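What follows is a single structure, written as structure tokens, with notes after it.
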Amino acid sequence: MVVKLDTSPLQEWRGYTGKPFLISGPCSAETEEQVMETAKQLARLNKVNVFRSGIWKPRTRPNSFEGIGVDGLKWLKNVKQETGLLVGTEVASERHVYEALKYGIDLLWIGARTSVNPFTVQEISNALNGVDVMVLVKNPINPDLELWIGAIERIAKAGIKRLGAIHRGFSAYEKTSYRNQPNWQLPIELRRRIPDLPLICDPSHIAGSREYIHEISQKALDLNYDGLMIESHIDPDNALSDAQQQLTPNDLKELLSRLILRSPSTSDPKLLDVLGELRQQIDVFDDHLIDLIEQRMKVAETIGYYKKENNITILQSMRWDEIVKRVMVKGKAKGLSQELIDIIFKAIHQESINHQMKIMNNGIVKE
Ligand code: PEP
Ligand code: MN
């Protein structure tokens, strides 16, 4: 059950920040000079709401730079005083929360390696009880929406009102051009389930390299995200963590100038009319799709009776291979992506198998 959030402060937060809510700063605080110089250059852009910097760094392997620790919090406090920017850092334990609050940190985020662990999230939630601070919950490293929502609920239960989520992508075994898989459907579903929760995209950790940050940011804005968290550093190539994905403040400025902001809705009656008509057409096609799938299942069921009578297996690999090849060719010719055809036909095939299983086993098999 999703905790009912009091959404009014969230709306206020959204309203007052304008769009996109921008969080930027280095992956890690390394030296006082690096932190202050990055912050000053970012402040001059007049676009950044919160200066971020990791103080405690969750590194994959030991003997990497694991963060500067509490000293870095003093630097963040100085950034706030000198630049007027709000400041934020990652917390991964109760102690981190206490230390960060002691130094007046405005925004705390829970990292992807922490939001996977309900024990730790609960511990952080206990430390936050009754505190008025902004908290953003990154998605867990595995693509598990319930786990992400669970972590958000735990923090909401501490009474945190300025609460939001950060989409930073998901680990995958296969190597692709991105460091983490965006799996856009997960944050889209999160938004459907908790519509008032501010949603921020972290293109830096999805991309893993500078070249993809713009395209991911634009996609997030086109999906009506509320904000972006983009890593920046005065000397990215020599950064002690995530060197390949950090931008100089100047590169960030250039990237922001290329982003196109679109309006989330329209009140133009003519446009609404046109969209209304087109959406009716979409609904008709969706009804057709469901009717067609129903008819396809009826045929699959008939085949199921024959298989049962003749005692042959449900899965006929060669036939399935023939279907896959045929629909892939056809889909391609129609301008549909191989990915779509793959997902749709695997799902349809599984549904046919489920229907045939029921017939084979007299309807006693669970779907
Ligand atoms: C970070 O923001 O630097 C970080 C460690 O992120 P994540 O938890 O998304 O890996
Ligand atoms: Mn990082």
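Key figures for this structure:
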read-out	value
Of the criteria (1) over 28 Å from Gly150 (Cα atoms); (2) β-branched (Val, Ile, Thr); (3) within 22 Å of the chain's Cα centre (by Cα), which one Ile110 fails	(1)
Condition met for Thr176 (free of Cβ contacts under 8 Å to residues at least 24 places away in the same chain and open to solvent by 10 Å² or more (accessible area, probe 1.4 Å))	yes
Residue within the stretch 227-243 that is modelled with pLDDT of 95 or more and more than 16 Å from ligand 2 (Cβ to nearest atom) present	no
Unmet criterion (only one of (1) open to solvent by less than 60 Å² (accessible area, probe 1.4 Å); (2) free of Cβ contacts under 8 Å to residues at least 40 places away in the same chain; (3) among the hydrophobic types (A, V, I, L, M, F, W, C)) for Leu315	(1)
Test: residue in the stretch 194-211 that is of a type outside the set (A, V, I, L, M, F, W, C), over 30 Å from Pro118 (Cβ atoms) and more than 16 Å from ligand 1 (Cβ to nearest atom)	yes
Which listed residue is among the aliphatic types (A, V, I, L, M) and either open to solvent by less than 80 Å² (accessible area, probe 1.4 Å) or touching a Leu at 6+ places or on another chain (Cβ under 8 Å) (or both), from Leu228, Leu289	Leu228
Hits in the stretch 224-248 (condition: more than 12 Å from ligand 1 (Cβ to nearest atom) and over 20 Å from the mean Cα position of the chain (by Cα))	Ile234, Asp235, Pro236, Asp237, Asn238, Ala243, Gln244, Leu247, Thr248
Only one of Met328, Met297, Met318 that is aliphatic (A, V, I, L, M) and touching an Asp or Glu at 6+ places or on another chain (Cβ under 7 Å)	Met297
Residue list for the stretch 142-186, filter: among the hydrophobic types (A, V, I, L, M, F, W, C) and part of a loop (DSSP other than H, G, I, E, B)	Ala158, Ile160, Ala172, Trp184
Among (1) more than 15 Å from ligand 1 (Cβ to nearest atom); (2) touching a helix residue (DSSP H, G or I) at 6+ places or on another chain (Cβ under 8 Å) - the single one Ala220 does not satisfy	(1)
The listed residue being closer than 25 Å to Ala239 by Cβ, at pLDDT 95 or above and crowded, with 22+ Cβ neighbours inside 10 Å, out of Ile166, Ile155	Ile166
Flag if Glu94 is modelled with pLDDT of 95 or more and within 16 Å of ligand 2 (Cβ to nearest atom)	no
Per-region count, the stretch 294-312, residues open to solvent by 80 Å² or more (accessible area, probe 1.4 Å), over 12 Å from His355 (Cα atoms) and in a helix (DSSP H, G or I)	3
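Okay, residues lined up against (1) within 16 Å of ligand 1 (Cβ to nearest atom); (2) touching a Phe, Trp or Tyr at 6+ places or on another chain (Cβ under 8 Å):
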position: Ala92; (1), (2): yes, yes
position: Lys102; (1), (2): no, no
position: Ile110; (1), (2): yes, no
position: Arg113; (1), (2): yes, no
position: Asn117; (1), (2): yes, no
position: Gln122; (1), (2): no, no
position: Ser125; (1), (2): no, no
position: Leu128; (1), (2): no, no
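The values are calculated or read from the model by the stated rules, or taken from the named source; none is laboratory data. Bear in mind the structure is a predicted one, so any value in this text is a computation, not a measurement. Reconstructed Cβ throughout: ideal geometry from the backbone, glycine too, with neighbour counts over all protein chains shown. For the accessible areas, the whole protein counts, side chains as well, though only heavy atoms, and no ligand, DNA or RNA atoms are used. Shrake-Rupley method; radii C 1.70, N 1.55, O 1.52, S 1.80 Å.
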